[in-house]
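These notes concern the structure reproduced below.
The values are calculated or read from the model by the stated rules, or taken from the named source; none is laboratory data. Computed from a prediction, not measured in an experiment: that's the story for all the values here. Backbone-built Cβ (ideal geometry, glycine too); neighbour counts: all protein chains shown.
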Amino acid sequence: MSVFAESQTQETFVVNLGPQHPATHGVLRVKLTMDGEYIDRAEPILGYIHRMHEKNAEVGTWAQFMPNTGRMDYLHALAYNFGYSIAVERAAGIEVPERAEYIRVITCELNRISSHLLWFGAFVLDLGGFTPLLYAFDDREQLLDLLETVTGSRLTYCYYRFGGLYNDIDENFVDGSRAFIKRLRSRMPMYHNLVTKNIILMKRLIDIGPISAEMCRKYGATGPVLRGSGINFDVRKNEPYSVYPELDFDVPVYSECDCMARYMVRMDEIDQSMRIIEQALDKLPDGPIKPEKVPKLIKPPKGDYYAAVEAARGTFSIRLVSDGTNKPYRLKLRSPTFSNLSLYEEASKGMLLADALALMGSLDLVIPEIDR
Amino acid sequence: MSLAKVREALAALVAASQEELPPEEAIESVTEETPEAAAPEGEQAEEAAAPPPPLVDTNHAKKGFHLDVTVAPDQVVQAAEILDGEKYTIEAVTGVDWIKEEQMEVVYDYCDTADFSRVVIRARIPRATPELPTISRVFPGADWHERETHDFFGITFVGHPDLSPLLLPEDADYHPLLKDFTA
């Protein structure tokens, strides 16, 4: 008998995945208890880049927290700007001019595309395909350049203000956005031919990593994870904010519950975001980008307020508690991948390690947003 | 639809707790307000003073949620079961430190994704002994949220499988979101 055959006991061993591992996309550690190649228990260990944003919020004024919102999900920072703006505007009763709302939607959706493109590249990289990453980064680069011209930064945006925006967009931005959409439209079939229809990718994703609708509900999973499990829920549709009700778009839903379903949801969302941007550019009204009068020091009335937006990874929501002063009394940040990752332990049980990494990639984790 | 059902069940739950604890509530409102407060004035006092009415239909456009329910600390599991029965999902669990009132508030955010509505459940616990039962057996997703709340506020969720620090360092013995926390 060989040594391997003899050792066929119930023995397990512990492997640390991370905190510095390319598949964890940041500093996440997963303590894996392995039974051979199979996972017995995968326990995510968080907090390596915890920065206590919620305490930071209580120290400064309402406006001073805005830059922090761009530093949680660094891939879809504008959605976090958006969520915080909506929460404070709701609390303080600030009206937003229509042009500002349209520009918010345009820039937020452009940012969503850039986020999904990076996820696409990195996910395929996790699965062993290097080339798509380079193509995706090529496209994403155009977007970052475009957004840089209006927001002034490339990644950690702080572009929205209470009641409006920091900066108006110009003709170059509008033309650049249209040119980018034209370019990406022509590239999407290539992505699908190169990657989606690739037999190796299909074998790595189809029927791998099932997450049932019931598991999503019990763990509060959101975003493409939820929609890949057949639940049609998108904050932009179900709890409409800004000017989304005036724009025509579909919510991609796949009911296969596997990694492929989550992959397809995100790929389809890129198409839908392009539709939203085109319509918003067509409808873009003239006018101011800031309300005429916004008080320098905002003091929302006492009480608590809740606001949710659909970020690239799911529902991002903010709970504000105001005591009527110029500083937040309490600000709770509910980040989508925190909930999405919390189901990882249950979902990955009994999976092959390589498949579990595909599952992790399909959750689209952004660690600074989990750790906050 | 499910919001109406949940509202009914939660109203019954709140009513049950008020039957159990009328003397305490009465004492509170009397001590904080004028002693000769009559019954109608007592209601007003409740609005003005710290404890809000236990069940409020909120304006979603203004507040961001539809229903705001305050339950007794030992009822949070029952409330979670009611919401679980109507297929609500757990969005977040968090705390608020009301240091002036010597109380801590635990806030549960629920959301119905099928027939959209948001429900908030709150419970107030004494600041000196912040304890209440865990809902992680009803919603496994609450596990991490409760651990996070324990990290930040030191609130003990009785029956929770593992309250070791989640986001804070593993040897952390401080709770940064307490209002009297100094670094």
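Name the residue that is farthest from the chain's Cα centre (by Cα), counting only residues in segment A:148-207 that are hydroxyl-bearing (Ser, Thr, Tyr) and closer than 18 Å to A:TYR80 by Cβ.
Residues of segment A:148-207 that are hydroxyl-bearing (Ser, Thr, Tyr), as a first pass: A:149, A:151, A:153, A:156-157, A:159-160, A:166, A:177, A:186, A:191, A:196.
The next check asks that each one be closer than 18 Å to A:TYR80 by Cβ; those that pass are A:151, A:153, A:156-157, A:159-160, A:166.
Working: A:THR151: 19, A:SER153: 18, A:THR156: 14, A:TYR157: 14, A:TYR159: 17, A:TYR160: 18, A:TYR166: 23 Å.
Among those residues, the one meeting the criterion is A:TYR166.
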Kindly evaluate A:ILE277 against the criterion of being outside any strand (DSSP E or B), within 14 Å of chain B (Cβ to nearest Cβ), crowded, with 21+ Cβ neighbours inside 10 Å and aliphatic (A, V, I, L, M). no
When residues of segment B:66-77 are filtered for being buried (at least 20 other Cβ atoms within 10 Å of the Cβ) and either modelled with pLDDT of 90 or more or assigned to a helix (DSSP H, G or I) (or both), how many remain? 2
Within segment A:80-94, is there a residue that is assigned to a helix (DSSP H, G or I) and of a type in the set (Asp, Glu)? yes
Flag for B:ASP112 being buried (at least 22 other Cβ atoms within 10 Å of the Cβ), charged (D, E, K, R) and out of contact with any strand residue (DSSP E or B) (no Cβ under 9 Å at 6 or more places or on another chain): no
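Checking the structure you have, find out if any residue of segment A:280-302 is part of a helix (DSSP H, G or I) and in contact with an Asp or Glu (Cβ under 9 Å, 6 or more places away or on another chain). I'd like the intermediate steps shown before the answer.
Within segment A:280-302, the first condition is being part of a helix (DSSP H, G or I), and the residues that meet it are A:280-283.
With in contact with an Asp or Glu (Cβ under 9 Å, 6 or more places away or on another chain) added as a condition, the list becomes A:280, A:283.
Within segment A:280-302, one or more residues are part of a helix (DSSP H, G or I) and in contact with an Asp or Glu (Cβ under 9 Å, 6 or more places away or on another chain).
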Being exposed (fewer than 15 other Cβ atoms within 10 Å of the Cβ), of a type in the set (Ser, Thr, Tyr) and in a helix (DSSP H, G or I) narrows it down to one residue among A:THR149, A:THR107; which is it? A:THR149
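Results for (1) of a type in the set (Phe, Trp, Tyr); (2) within 23 Å of A:LEU78 (Cα to Cα), shown as yes or no for each residue.
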residue	(1), (2)
A:LYS302	no, no
A:TYR305	yes, yes
A:SER317	no, yes
A:GLU345	no, no
A:ALA358	no, no
Collect the residues in segment A:217-238 that are in a helix (DSSP H, G or I) and either within 20 Å of B:HIS145 (Cβ to Cβ) or of a type outside the set (D, E, K, R) (or both), keeping them in residue-number order. A:ARG217, A:LYS218, A:TYR219, A:PRO224, A:VAL225, A:LEU226, A:VAL235, A:ASN238
At pLDDT 90 or above and under 15 Å from A:VAL88 (Cα atoms): is that true of A:TYR254 in this structure? no
Search result, residues across segment A:59-95 that are within 14 Å of chain B (Cβ to nearest Cβ) and farther than 25 Å from A:SER114 by Cα: A:VAL59, A:VAL88, A:GLU89, A:ARG90, A:ALA91, A:ALA92, A:GLY93, A:ILE94, A:GLU95
Counted residues, segment A:170-216 - those being within 14 Å of another protein chain (Cβ to nearest Cβ), part of a helix (DSSP H, G or I) and touching a residue at least 12 places away in the same chain (Cβ under 8 Å): 3
List every residue pair whose Cβ atoms lie under 7 Å apart, where the two residues are 6 or more positions apart in sequence or sit on different chains, the first residue falls within segment B:75-100 and is more than 10 Å from chain A (Cβ to nearest Cβ), and the second residue, located anywhere, is among the polar types (S, T, N, Q). B:GLN75/B:SER17; B:GLU86/B:SER2
Which residue, of B:ARG122, B:ARG147, is in contact (Cβ under 8 Å) with a residue 40 or more places away in the chain, charged (D, E, K, R) and in contact with a Ser or Thr (Cβ under 8 Å, 6 or more places away or on another chain)? B:ARG122
Here are the criteria: (1) over 30 Å from A:HIS116 (Cα atoms); (2) out of contact with any Asp or Glu (no Cβ under 9 Å at 6 or more places or on another chain). Tell me which single one A:LYS327 does not satisfy. (2)
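In the list A:ARG227, A:ARG266, which residue meets the criterion of being crowded, with 24+ Cβ neighbours inside 10 Å, away from chain B (no Cβ under 11 Å) and not aromatic (Phe, Trp, Tyr)? Before the answer, list the steps.
Details: A:ARG227 fails: away from chain B (no Cβ under 11 Å).
None of the other options fit; the residue is A:ARG266.
With the requirement that a residue be farther than 16 Å from A:HIS116 by Cβ and acidic (Asp, Glu), what does segment A:128-163 give you? Talk me through it step by step, then tell me what you get.
Taking segment A:128-163 first, the residues farther than 16 Å from A:HIS116 by Cβ are A:128-131, A:134, A:145, A:148-154, A:156-163.
A:ASP145, A:GLU148, listed by residue number.
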Tell me, please, whether a residue that is in contact (Cβ under 8 Å) with a residue 24 or more places away in the chain, more than 23 Å from B:PHE152 (Cβ to Cβ), in contact with a strand residue (DSSP E or B) (Cβ under 8 Å, 6 or more places away or on another chain) and assigned to a helix (DSSP H, G or I) can be found in segment A:21-39. yes
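Any chance you could count how many residues in segment A:33-58 are away from chain B (no Cβ under 12 Å), touching a helix residue (DSSP H, G or I) at 6+ places or on another chain (Cβ under 9 Å) and surrounded by fewer than 20 Cβ atoms within 10 Å (Cβ to Cβ)? Steps first, please.
Let us first name the residues in segment A:33-58 that are away from chain B (no Cβ under 12 Å), namely A:33-42.
Add one more test, that the residue is touching a helix residue (DSSP H, G or I) at 6+ places or on another chain (Cβ under 9 Å), and what stays is A:34, A:37-39, A:41-42.
Filter once more, keeping what is surrounded by fewer than 20 Cβ atoms within 10 Å (Cβ to Cβ): A:34, A:37-38, A:41.
Going through segment A:33-58 one residue at a time, the tally reaches 4.
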Reported set for segment B:128-171 where residues are aliphatic (A, V, I, L, M), part of a loop (DSSP other than H, G, I, E, B), more than 9 Å from every other protein chain (Cβ to nearest Cβ) and surrounded by fewer than 22 Cβ atoms within 10 Å (Cβ to Cβ) is B:ALA128, B:LEU163
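For segment A:296-306, how many residues meet the condition of being more than 29 Å from the chain's Cα centre (by Cα), more than 14 Å from chain B (Cβ to nearest Cβ) and surrounded by 11 or more Cβ atoms within 10 Å (Cβ to Cβ)?
Let us first name the residues in segment A:296-306 that are more than 29 Å from the chain's Cα centre (by Cα), namely A:296-297, A:299, A:301-302.
Adding the requirement that they be more than 14 Å from chain B (Cβ to nearest Cβ) leaves A:296-297, A:299.
The next check asks that each one be surrounded by 11 or more Cβ atoms within 10 Å (Cβ to Cβ); those that pass are A:299.
Result for segment A:296-306: 1.
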Evaluate segment A:122-129: report whether one residue or more is within 17 Å of the chain's Cα centre (by Cα), at negative phi and part of a helix (DSSP H, G or I). yes
For the condition part of a helix (DSSP H, G or I), under 23 Å from A:SER212 (Cβ atoms) and of a type outside the set (S, T, N, Q), what is the one hit in B:ASP115, B:ASP84? B:ASP84
If you go through segment A:329-340 one residue at a time, do you hit one that is modelled with pLDDT under 90 and either part of a loop (DSSP other than H, G, I, E, B) or more than 13 Å from chain B (Cβ to nearest Cβ) (or both)? no
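Taking only segment B:101-117 into account, find how many residues are within 10 Å of chain A (Cβ to nearest Cβ) and either within 14 Å of B:ILE82 (Cα to Cα) or free of Cβ contacts under 8 Å to residues at least 24 places away in the same chain (or both).
First, the residues of segment B:101-117 that are within 10 Å of chain A (Cβ to nearest Cβ): B:105, B:107, B:109-117.
Next cut, either within 14 Å of B:ILE82 (Cα to Cα) or free of Cβ contacts under 8 Å to residues at least 24 places away in the same chain (or both) only: B:105, B:107, B:109-112, B:116.
So the answer is 7.
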